[in-house]
Amino acid sequence: MALTKDVLIAYLTEILDADDPIEDETTLFTSGLLDSVLMQELIMFFEEKTGAQVPAEDVTLENFDTPAAIIAYGESVS
């Protein structure tokens with residue numbers, strides 16, 4: 001199953017207490033919206049939706065700091 005931008009944004013909107021809408025380039029971890037516990041939940045959600053395992057070395061800001069980066073990473077591992 002592919003992870004779509006709409007599904008990801010809906011999930012992030014549900015788990016984050018964001019004052020502003022979540023957009024493609026909204027920074028999640030560096031802005032403080034996402035903490036380490038929520039990052040773990042996001043990784044589990046990602047793995048469930050994509051069927052791909054995320055190795056620890058791939059949990060980087062480059063891959064997981066914005067919705068656009070998460071979708072790009074998902075496309076690269078599927």
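The values are calculated or read from the model by the stated rules, or taken from the named source; none is laboratory data. In this text the structure is predicted, and so the values were computed from the model without any measurement. What goes into the accessible areas is simple: the full protein's heavy atoms, side chains included, and nothing from ligands, DNA or RNA. Shrake-Rupley method; radii C 1.70, N 1.55, O 1.52, S 1.80 Å.
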Fill in the blank from the handout: Going residue by residue through the stretch 44-58, the Karplus relation 6.51 cos²θ - 1.76 cosθ + 1.60 with θ = phi - 60° gives ³J(HN,Hα) values, rounded to whole Hz and with x marking Gly or Pro, of 4, 4, 4, 5, 5, 6, 9, x, 9, 7, 9, x, 3, 5, 8
Problem - Sorted largest first, extent of the chain alpha carbons per principal axis (Å) - result: 32, 24, 18
Exercise for the section: Quote the accessible area belonging to VAL77 in square angstrom, nearest 10, computed with a 1.4 Å probe and with ligands, DNA and RNA left uncounted. Expected result: 60 Å²
Problem - Folded to 0 to 90 degrees: helix 67-77 orientation relative to the chain principal axis, Cα - result: 0 degrees
Handout entry: 3J(HN,Hα) from dihedral phi, the stretch 18-28, Karplus parametrisation 6.51/-1.76/1.60, rounded to Hz, x for glycine, proline
Key = 8, 6, 10, x, 7, 10, 3, 9, 5, 6, 9
Fill in the blank from the handout: Helix 5-15 sits off the longest principal axis of the Cα atoms of the chain, rounded to the nearest 10 on a 0 to 90 degree scale, by 50 degrees
